[in-house]
Structures are given as C-alpha cells and as structure tokens.
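Notes follow the structure.
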Amino acid sequence: MITDNKTPYRLISDEGLKKLRAREDELFAKRTKKSKDTFDKAQEMLLNGVPMPWMGDWGTSYPIFVNKASGNIVEDIDGNEYIDFCLGDTGAMFGHSPEATAEIVAKQVKQGITTMMPSIDSLEIGKELSKRFGLPLWQVAMTATEANRYVIRNCRALTGRPKVLSINESYHGSLDETLPHIGLDGKLKLRSEYDMNPAVPKEALSRVVEFNDIEALENELSYKDCACVLIEPVMTNCGMVLPEPGYHEKLRELCDKYGTYLIYDETHTFSNGYGGYTKAYGLKPDFITLGKSIAGGIPVSVYGFTKEIGDRINETYGHKSVSDPMGIGGTLSANAFAIAAMRETLQKVATEEAFEKMFTGQNRLSDGLEKILYKYNIPWSLTRSGARCELQFMPNAPKTGSEAKKYFDWELMYYLHIYLENRGILITPFHNMMLISPVTTDEDIDYLIKGWKDCLTELVEIGK
Ligand SMILES: Cc1ncc(COP(=O)(O)O)c(C=O)c1O
C-alpha cells in the first residue's frame, strides 16, 4: 500500500519527526557498515542493489544483509542480532529453519530433489490438508501467486467467464487480474502505484469492491461475468481489516446466487489456526489457496477444492489429461524435496500446540500495546487476528482497504521501523504487522512492548 498520505494522528510535527529520523539514520549507519558496503557493491550487478524489489523496501536507506536466521533470531553481516516479528512476512511463521523441517530437508536433498514423479509423501499431505481445511482434493504448485493463478485458470475454464473479482487494497501475488484498485472517484484505476503496466486490459479482467461492502459486491456479481471472487478472510496487506459479522456468510450466498466460485487465499490467515481461518470460523470455500509457511519457508504452495469441482474438471477436460487443456503444470512443482518439507512441517511443526502458543503470545503483545495506547492517550488502534496484530494510525479499526489507506503514513511508519531495528527488533515492512512464532518467548514480546513504549512516549513528549 504505497501512499503519500499523512495520518492526522501523527503525534509529532513534521519537523520533529525529521530530526528523530536523522538521529536514527546516523545510528543505523554506525551499526551496519558492512551492509552498506555490500549494498553499494551490489548496485553494479543487481537492479537497485537487491535481488528482489521488496528487499529494498525496509524503510532504511539500504537493507541489512542477512548472515543467518534461526528460530526467531536474525543475524546481519555486521553481527547485529534482531528478534524477528516479521518472520519473512509469514514465510517463516513457525520460526526460521524449524528443526524437523531442516532435518528432513537435509536428508531428502541427498535422495533426489526433483523427478517429475509423485512421492508417497504427497498422500500424507493430501490427508493432512483435507483434515485441516475441510476440502477433499488438493494440488501442489510452487508459490502462493502460482496457486492463485492456477485456481483462477480453473475457474475461468469451468465458468467460461473472464473476470476476477477482488477486494480493494488486497494482494494475492503479482496477478494482473487482482492488481487493479479503485481510485478516489470509485472507478477502477487503470494505472496505480501497484500496477504501472498500461498494456493490461484491466476492464476486461477485473472487478474490484471494498471489503465488507455487500451492496457493491452484489452489484458487481450481478453482471455474471466473474469467474471467481478471490479474497482473504481477513485483509492482511493494507494494515489489517477484519470482516464484519455475517460478511462471509453473505459472500457465500451471493457467489452461489450468481454462479461465481469463491476462493479463499489463506496464505497469511493460516496464522489464524491449524486449519486457517476457514476451520476456525467455519467458512465454506469452493477453493482454498496457501503457500509461504506450509513447508517452513521451502518454496511450495497448495490449492484445495471440492469433489464437485474435481468431477467437473474431469468431465470438462477428460480424466488424466486435465493439465494440458487447462495449461496447468510446473516442472518443479510437487517435487519430492518440497513435499517432504511440507509433510514434516505440517505434521511436526505447525501443530495445534504450536498455534496455541502463537495465540497466547499475540494476546500478550496486543494487551501490552493497548495499555500503552491507553496510558499515553495515543489515538491509534490495534487489530488482532490469530497470531498477528497490527498497529494502525487511526482511532478506530478500519472497515475497508480505502479507510486503512486514508490513515496510512509511510514516513511515520518507517521512522517507527528504523527505531525498532536500531534496537534489535524487526517488524514487517510496508505496515505495522507483528507475527508471533511458536518459538517467540515472553521475554522477546516484552522487549518489543518496551521498544514501542520508549519510541511512542518520546514522540508524545516531543509533540506536546
Ligand atoms: C495473501 C497473499 N496471497 C498470495 C501472496 C503471494 O505469495 P508469494 O509471493 O509467495 O507468491 C501474498 C504475498 O504476500 C499474500 O500476502
């Protein structure tokens, strides 16, 4: 959610914030000399000094280069240690290199990485995913983006409809269909900060509505040209936005009414429980997609669907030749290495007990942060969801992506992030999301609460 907005609830003047930022930049430069040198050298061979665009977007003038990450601790090449509440934006939700995953990966890597043949572990993951998410049939891809792409392809093929309906300010990977957003005039934006590509015919591919807006949803679906709705159960990429009571039930009803498939993207909301938000809240999807954390960070993703959909795929395209007419494959997908990592992670790492620890930790953190907001009269809100929580620069939690965006403040946010980073804490870039892993200790959480308290009380004091 890139924006020039400034929240009206900044706590401090622009001038005051600039001074503090200069102090933190200086401190950062002293602590991270090797990262700076490496970043400068990298300009010669990597676009903007990083191998992937997001890596340059931590809000510091250059990223820290990582030496190693283990459990919930990251060490940079200057030898600084950080308690990690970003956890690879959920890719490392269960901690970096969980022991069971690391062990099976070390073993499997010597027994064949990829063969384009199924391994027996794939039955186990099918069983495990069905038990958790309630959908009977599963397929494997490489990334969450790719799982979403394949599901969209299926939905289009089965309905003969071209469009995908997504939610304003949501993110499901770099899919042309779901990158468009709504402009201030309420219309589809043909070029936006997320999608500068003028060559994509967005009007032909996309419909976009606000989260929690049932009326708009019905209006858009009533054109009967949407193959599917692709949605997160909780919005997690524009701050966090929770569904209003009854929203998901109504969504299901409308998808049925207008013959549109309903896809829940559980890539982030897997942090809501053993069977994601779907199991925790009894959702009834046609498809589920998820990736990132399911194999402890080893690249692999999955998508699940109903028996009726499986039958329709076979009826429409002919049993055993599903992949060709649908254009779905992926040479490396479902390789033995990734499947072994997923089985071990699901069975030994992402356990019910692990989720319980994560929720308890999140409540400790959220209680601590809410106490600070209350005690120092800071008009910001905290949103809790599963193992994650999010601090937003507005007095009441947002109901839509547009509302979240309106109060966003890139400059303020990145000041907060560099302040915490200089004190050995990482939180998710792009917003103020904090994620608790099963290996995060109470001491780690209390240290983060103290970091926020010191940072915010200084802002309040200077802003008086
Ligand atoms: C909800 C959601 N779905 C899908 C994706 C895409 O994941 P990946 O980049 O691993 O393909 C993301 C990435 O942040 C996401 O937040």
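The values are calculated or read from the model by the stated rules, or taken from the named source; none is laboratory data. What you see is a predicted model, and the numbers here were worked out from it, not measured in a lab. Note that each Cβ is placed from the backbone with ideal geometry, even for glycine, and that neighbours are counted across all protein chains shown. Accessible surface is based on the protein model in full, side chains and every heavy atom, while ligands, DNA and RNA are left aside. Shrake-Rupley method; radii C 1.70, N 1.55, O 1.52, S 1.80 Å.
Restricting to the range 27-52, count the residues that are over 27 Å from Tyr419 (Cβ atoms) and basic (Lys, Arg).
Qualifying residue count for the region: 1.
Consider Tyr223 carefully, then state whether it is of a type in the set (Ser, Thr, Tyr), under 21 Å from Leu165 (Cα atoms) and assigned to a loop (DSSP other than H, G, I, E, B).
Yes: the conditions hold for Tyr223.
Working only within the range 243-255, note down all residues that are in contact with a Pro (Cβ under 9 Å, 6 or more places away or on another chain) and of a type in the set (A, V, I, L, M, F, W, C).
Result: Leu251, single match.
Pick from Asn377, Asn363: which is open to solvent by 40 Å² or more (accessible area, probe 1.4 Å) and in contact with a Lys or Arg (Cβ under 8 Å, 6 or more places away or on another chain)?
So the residue among Asn377, Asn363 that is open to solvent by 40 Å² or more (accessible area, probe 1.4 Å) and in contact with a Lys or Arg (Cβ under 8 Å, 6 or more places away or on another chain) is Asn363.
Mind checking which residues of the range 240-255 are in contact (Cβ under 8 Å) with a residue 24 or more places away in the chain and more than 12 Å from the ligand (Cβ to nearest atom)?
In the first step, residues of the range 240-255 are kept if they are in contact (Cβ under 8 Å) with a residue 24 or more places away in the chain; the result is 240-244, 247-248, 250-252, 254-255.
Once the filter is applied, which keeps residues that are in contact (Cβ under 8 Å) with a residue 24 or more places away in the chain and more than 12 Å from the ligand (Cβ to nearest atom), the range 240-255 yields Val241, Leu242, Pro243, Glu244, Tyr247, His248, Lys250, Leu251, Arg252, Leu254, Cys255.
Among the residues that make up the range 240-248, is at least one of them under 23 Å from the mean Cα position of the chain (by Cα), open to solvent by 50 Å² or more (accessible area, probe 1.4 Å) and of a type outside the set (D, E, K, R)? Working first, answer last.
Applying the first criterion (under 23 Å from the mean Cα position of the chain (by Cα)) to the range 240-248 yields 240-245, 247-248.
If we keep only those that are open to solvent by 50 Å² or more (accessible area, probe 1.4 Å) too, we end up with 242, 244-245.
Still in the list and also of a type outside the set (D, E, K, R): 242, 245.
Yes - at least one qualifying residue is present in the range 240-248.
Can you tell me which residues in the range 96-148 are within 16 Å of the ligand (Cβ to nearest atom) and of a type in the set (Val, Ile, Thr)?
Within the range 96-148, Val140, Thr143, Thr145 qualify.
Hey, among the residues in the range 283-313 that are open to solvent by 10 Å² or more (accessible area, probe 1.4 Å) and within 23 Å of Cys86 (Cα to Cα), which one's farthest from the ligand (Cβ to nearest atom)?
Once the filter is applied, the top-ranked residue is Gly296.
Report, ordered by the first and then the second residue, all pairs with beta carbons closer than 7 Å, sequence separation of six or more or different chains, a first member in the range 445-456 that is touching a residue at least 60 places away in the same chain (Cβ under 8 Å), and a second member that is charged (D, E, K, R) and open to solvent by 70 Å² or more (accessible area, probe 1.4 Å).
What qualifies is Ile445/Arg364.
Give the number of residues within the range 9-50 that are of a type outside the set (Ser, Thr, Tyr), touching a Pro at 6+ places or on another chain (Cβ under 9 Å) and within 30 Å of Val241 (Cα to Cα). It would help to see each step written out before you state the result.
The first filter runs over the range 9-50 and keeps only residues of a type outside the set (Ser, Thr, Tyr), leaving 10-12, 14-31, 33-34, 36-37, 39-50.
Retained after the next criterion (residues that are touching a Pro at 6+ places or on another chain (Cβ under 9 Å)): 11, 39, 42, 47, 49-50.
Pick out the ones that are also within 30 Å of Val241 (Cα to Cα) and you get 11.
Result for the range 9-50: 1.
Restricted to the range 256-266, and to residues that are open to solvent by less than 10 Å² (accessible area, probe 1.4 Å) and closer than 14 Å to Leu217 by Cα, which residue is nearest to the ligand (Cβ to nearest atom)?
Per the criteria, the residue is Leu262.
Looking at Asp4, Asp40, which one is of a type outside the set (A, V, I, L, M, F, W, C) and either more than 28 Å from the chain's Cα centre (by Cα) or open to solvent by less than 80 Å² (accessible area, probe 1.4 Å) (or both)?
Asp40
Output the number of the condition that Arg153 fails; it satisfies all remaining conditions of (1) in a loop (DSSP other than H, G, I, E, B); (2) in contact with a Gly (Cβ under 8 Å, 6 or more places away or on another chain).
The one condition Arg153 does not meet is (1).
Could you list, in sequence order, the residues of the range 156-171 that are in contact with a strand residue (DSSP E or B) (Cβ under 7 Å, 6 or more places away or on another chain), in a loop (DSSP other than H, G, I, E, B) and within 11 Å of the ligand (Cβ to nearest atom)?
Ser170
For the range 416-423, check the following and say yes or no: at least one residue is farther than 25 Å from Ser170 by Cα, open to solvent by less than 10 Å² (accessible area, probe 1.4 Å) and not assigned by TED's automatic domain parsing to the domain that holds Arg31. Write out each step before concluding.
Keep residues of the range 416-423 that are farther than 25 Å from Ser170 by Cα, which gives 418-423.
Those left that are additionally open to solvent by less than 10 Å² (accessible area, probe 1.4 Å): 418, 420-421.
Checking the rest, the ones that are also not assigned by TED's automatic domain parsing to the domain that holds Arg31 come to none.
No, because not a single residue in the range 416-423 is farther than 25 Å from Ser170 by Cα, open to solvent by less than 10 Å² (accessible area, probe 1.4 Å) and not assigned by TED's automatic domain parsing to the domain that holds Arg31.
Within the range 134-147, is there a residue that is free of Cβ contacts under 8 Å to residues at least 24 places away in the same chain and open to solvent by 60 Å² or more (accessible area, probe 1.4 Å)?
So far as the range 134-147 goes, no, none of its residues is free of Cβ contacts under 8 Å to residues at least 24 places away in the same chain and open to solvent by 60 Å² or more (accessible area, probe 1.4 Å).
Quick check: is even one residue across the range 267-282 at pLDDT 95 or above, in contact with a Ser or Thr (Cβ under 8 Å, 6 or more places away or on another chain) and either over 30 Å from Ser70 (Cα atoms) or more than 16 Å from the ligand (Cβ to nearest atom) (or both)?
Yes: one or more hits.
Looking only at the range 193-239, filter to residues that are crowded, with 16+ Cβ neighbours inside 10 Å and without any contact (Cβ under 8 Å) to a residue 24 or more places away in the chain; which one of those is nearest to the ligand (Cβ to nearest atom)?
Asp195
Can you list the strands (runs of 3 or more DSSP E) lying wholly within the range 49-127 that have 1 or more residues being assigned by TED's automatic domain parsing to the domain that holds Met433 and open to solvent by less than 30 Å² (accessible area, probe 1.4 Å)? Full working, then the answer.
Details: elements: 66-70, 73-76, 81-84.
It comes to 73-76, 81-84.
If you take the residues of the range 156-166 that are at pLDDT 95 or above and of a type in the set (A, V, I, L, M, F, W, C), which of them is surrounded by the fewest Cβ atoms within 10 Å (Cβ to Cβ)?
In this case the residue turns out to be Leu165.
How do the helices (runs of 4 or more DSSP H) wholly within the range 352-464 filter down when requiring 2 or more residues that are among the small types (Gly, Ala, Ser) and modelled with pLDDT under 95: which remain?
It comes to 401-406.
If I go through the range 172-187 residue by residue, how many of them are surrounded by fewer than 23 Cβ atoms within 10 Å (Cβ to Cβ) and either assigned to a helix (DSSP H, G or I) or of a type outside the set (D, E, K, R) (or both)?
Number of matching residues: 8.
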